[in-house]
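Below is one structure; the comments refer to it alone.
The values are calculated or read from the model by the stated rules, or taken from the named source; none is laboratory data. Every value quoted in this text rests on a predicted model; they were computed, and no experiment measured them. Glycine also receives a Cβ, built like all others from the backbone with ideal geometry; neighbour counts cover every protein chain displayed.
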Amino acid sequence: MKLDGESIEVFAKSEMSENPYKVGDREKLYGLYCNTVIETHNKLLVPNALKDINWMNNPDVKLGMIAYLGFPIYLPNNSIFGTICVLDNNENCFPKEIEQLLEQIKEIIELDIEGYLAFESKSIKLETKVLEQIQIIDQAKTPRQKLSNKVKKEHKIQESITNNNQQLIDKLVEGESKDADLFNKLNSAIVMFSPVFGSEGELIDATYLDMNPMNEQLIGYKKEEVIGKSILEIFPETSPKWFRTFGPIFKGKSNVNFEMFHKPLGKHFSVNAFPIDDGSFCVNYFDISKQVILKENSKENQLLLSSIFNRINVAIVLFKPIFNQIHDLIDLEYIDMNPLNEQIMDFKLADVKGKTVLELFPNTNKEFFGYFNTSIQQKRIVPFNFKIDSSKKFYHSNAFMLDDNRMVYTCYDITEQILATKKMEEREKRHKAIFNNSSSSIVLIDSDSGAILDGNDALVRYTGYSKKTLLKMNLKQISTSSEEEIQKQLYLAKQNKKHFDFKHTLASGEIRNIEAYVGQIEMNGKMILHCTVHDITDKKNALQDVLKLSNAVEQSPASIIITDTHGNIEYTNPKNCEITGYSAENLKGKNPRILKSGKLAEHTYKDLWNTILAGGKWEGEFYNRKKNGNYYWEHASISPIKNEEGTTINFMKIGKDISEQKKIQSELRKAKFRAEENDRLKTAFLANLSHEIRTPLNGIMGFTDLILHEETPDDAKKDYQNIVKESGEQLLMIINDLVNISQIEAGELNIKLSHFSATDLLDEILLFYKPEVSKKGLEIQIVKINCQVIKSGINCMLFSDRKRLRQVFDNLIKNAIKFTQKGTITLGIECRDYTVLFTIQDTGIGISKENQKLIFDRFRQVEEHFTRHYGGNGLGLSISKEITELLGGELWVESDLGKGSKFSFTVANNS
Ligand code: ADP
């Protein structure tokens, strides 16, 4: 590139594999700078590499390059493509103009890449366009020619202007100078300068002497404003290089011509400078922007077309048609072709140029020429496909007439498309076969209307409709659902719902349950529903049966466990959980032995397993333990569950909690025992009672007879009368006891409360029984504890039933006397806060532990046979117990057999 009369090197570098700009050695050499620009994405300016240690190491420095300026070049997607740079061997060598110029070049390259990439990616689509363009270009007036004509024309105009100007200038210089009119008439700008030289005689500035209106217009200053001033005063940024450009004027007094781009004005100028005899110099320049741009465009167009021709993914051949006498095309002669065609045909243009197709390929069929013939006759592009057998590749071709002498043939590889189409056809064939041979019914349905679009053989067989009928039908005619419901289902299917349950009517009128698996497929731009239909009527019925059974098991009042063949629990129903306290999760996988109480004989379980493993049913009772440790009785029936082959797959236990039943049974048994006991006791009581009654009655009868006997002496009569009286009292006592018992039984034993002294009562009892006790040779005494607590001056006052209390004492003391042969009877009293404790202790025969529990029962006596040593009816203690309880206390006994007994009772002190 030429600039200010000097040459500088500009080059672009890229690491891109598809770089359309061939990378040269030079680019490789200046790698370090370029790489830095690529990596940083930034402009890089190195004014002097010698002053920078990093750049000092750069091998370029060794080549004398010390100043560097580089810009990144971007691809259309803003990723980096490479760099454009300029190098110089002078320090600080890149003024603004160069920078701007470089930026401009960078933009052109970016546009070029954009164009190139667009052509690369859309090459096939662009094929026709390109062909059209080739046609246009080649048809007589190509844009290139047009362009160059235009440029030439412009040049001519400019030339004439220049010549004209030159003549005028010459005139000016040759004495007719200072002719203001002439000067002002010039179409180009003209400026007269007085040079300003530096110390070494080089031009460093120039003073404005004169200028014409065109120059005023171009620089934007009036003549008056600049005359007498120097360029640097008006334009301080003018580069020293610019001045250096004019150096030759003063050295050889020669003219200087160059073209320059004036950045501030954005215009290209053609500059012509020449010396004037008076030592001044004249600069004449005019705007050549239009020509430059046209030139650039023309270059770009040319570049683009050759780039397309060489790079396009379409093989292009230019043929010369060869006709026979009747103007039928019989052969084609090679004129030109692009590299892709060379590659496809495996020959070079140079080898075939001037030769014909038939010369090279004598077997070419007539059909091939036929396409060209058609194109000629019908004046249109004729497309056709063909296959090259050797490479097994398919090509799509076009043939058309370019002009009378040239035909264009284009072709590109469509092997992939052809193979893909073939594959697709095969796939379609396969799918069709699958569709028709599938044992599942398949139906294609219009997702909007529900119309049946297709159905396979299985569907025909299943529905009973012929395929012809089916294809005229709609889902509405098959489904039993309402129209509204069908529309809803179609909508859901379009929303990607995959599974549906319907009821379908078959051709026979039978209604069946079906399930459909639905997918969507696109056919001719429309969404079609693809449904695989299964008849699930039998399955559904079976399921319902299973559901019924499982509900029955779930809700069964019996506890049910199902185990595997090893006895591990697989299922347990809620009732079983309720009874055992274990959750279904707790029990799952466990062995039912966790319910074992350990209280059942092992042989029960052995027997169970032997029976069920032999395929039989076992029935029996378990005594099991719940989760909380409580025990329960269960009646269980365990039987094997067998599969269709008769193999045992599970065991099932159906159990019933019989704990309550067991309890009732045991109570019944006890009650029965008690009833039998009572019966036995009653018999004993009656026998006893008759004895007890008969004894005093016999006494009364016998001694009454003796009293009435005349011979009985009077004093004896007196004794007998006493015996009769005692017997009568004894009889009365028995009757009283019986009355009391019946009162207790009827709940009519009356209590009459009164205030009395407990100790007084005891003293009275002692006095009463002393004679009888002494008569039997026994001692009697009273022990009083805590009886000195005086309330209202009266000892141990009680508010109770005195008569009943005396009755209890009488019963207990009489028993003590009756069952004691020697020793002492001790009566005790102890006054407590709210009760009074009485005790009657003897040194008699005592009562065994076992009998101590029984003697308070009615009719119960330790001796229960006729040969009894002691009298009594067995009612005394039970009456006494009832009375003490009625008086708010209780009665109990402590005794040692053979040592004596101590009866104690309390009475509530209500005072
Ligand atoms: P009974 O009229 O037979 O004495 P009770 O109900 O008063 O009837 O007594 C029941 C039985 O309790 C007596 O038959 C006797 O076997 C036993 N028994 C009662 N008191 C004494 C006692 N102090 N010593 C030994 N046995 C007694």
The residue from L738, L732, L749 that alone is buried (at least 16 other Cβ atoms within 10 Å of the Cβ), of a type in the set (A, V, I, L, M, F, W, C) and under 15 Å from N811 (Cβ atoms) is L749
Go through segment 553-586 and report how many residues are farther than 24 Å from E660 by Cβ and not polar (S, T, N, Q). 9
Counted residues in segment 497-537 being in contact (Cβ under 8 Å) with a residue 12 or more places away in the chain, within 18 Å of K476 (Cα to Cα) and not in a strand (DSSP E or B) come to 3
Evaluate the following for A671: is it assigned to a helix (DSSP H, G or I), touching a residue at least 12 places away in the same chain (Cβ under 8 Å) and among the aliphatic types (A, V, I, L, M)? no
Please count how many residues of segment 781-805 are at pLDDT 90 or above and out of contact with any Ser or Thr (no Cβ under 7 Å at 6 or more places or on another chain). 6
Residue check, G823 farther than 21 Å from F905 by Cβ and small (G, A, S): yes
I'd like to know if segment 384-391 contains one or more residues that are touching a strand residue (DSSP E or B) at 6+ places or on another chain (Cβ under 9 Å) and at pLDDT 85 or above. yes
Being on the phi > 0 side of the Ramachandran plot and out of contact with any strand residue (DSSP E or B) (no Cβ under 8 Å at 6 or more places or on another chain) is the filter here, so list the residues in segment 247-289 that pass it. G266
Checking the conditions here, which among T835, T839 is at pLDDT 95 or above and either more than 10 Å from the ligand (Cβ to nearest atom) or in contact with a Phe, Trp or Tyr (Cβ under 6 Å, 6 or more places away or on another chain) (or both)? T839
Can you work out which of the residues in segment 801-816 that are in contact with a helix residue (DSSP H, G or I) (Cβ under 6 Å, 6 or more places away or on another chain) and farther than 12 Å from K902 by Cα is farthest from the ligand (Cβ to nearest atom)? R804
Among the listed residues I308, I249, I293, which satisfies the condition of being in a helix (DSSP H, G or I), of a type in the set (V, I, T) and modelled with pLDDT of 80 or more? I249
Answer yes if at least one residue in segment 414-428 is β-branched (V, I, T), in a strand (DSSP E or B) and surrounded by 12 or more Cβ atoms within 10 Å (Cβ to Cβ), and no otherwise. no
Do you know which residues across segment 487-501 are touching a Lys or Arg at 6+ places or on another chain (Cβ under 9 Å) and either among the charged types (D, E, K, R) or at pLDDT below 90 (or both)? D501
Inside segment 625-662, can you point out the residues that are of a type in the set (D, E) and crowded, with 18+ Cβ neighbours inside 10 Å? E634, D657
Restricting to segment 210-241, what's the tally of residues that are assigned to a helix (DSSP H, G or I) and buried (at least 17 other Cβ atoms within 10 Å of the Cβ)? 7
Can you tell me which residues in segment 583-603 are loosely packed, with under 14 Cβ neighbours inside 10 Å and either modelled with pLDDT of 90 or more or not in a loop (DSSP other than H, G, I, E, B) (or both)? S583, A584, E585, K588, G589, R593, E602, H603
Given (1) modelled with pLDDT under 90; (2) away from the ligand (no atom under 13 Å from the Cβ); (3) closer than 23 Å to I765 by Cβ, where does Y870 come up short, assuming only one miss? (2)
Pull up segment 49-86, narrow it to residues that are in a helix (DSSP H, G or I) and charged (D, E, K, R), then point me to the one that is nearest to the chain's Cα centre (by Cα). D60
Just wondering, is there one or more residues in segment 624-643 that are within 60 Å of the chain's Cα centre (by Cα) and assigned to a helix (DSSP H, G or I)? no
How many residues of segment 883-911 are within 11 Å of the ligand (Cβ to nearest atom) and polar (S, T, N, Q)? The answer is 2
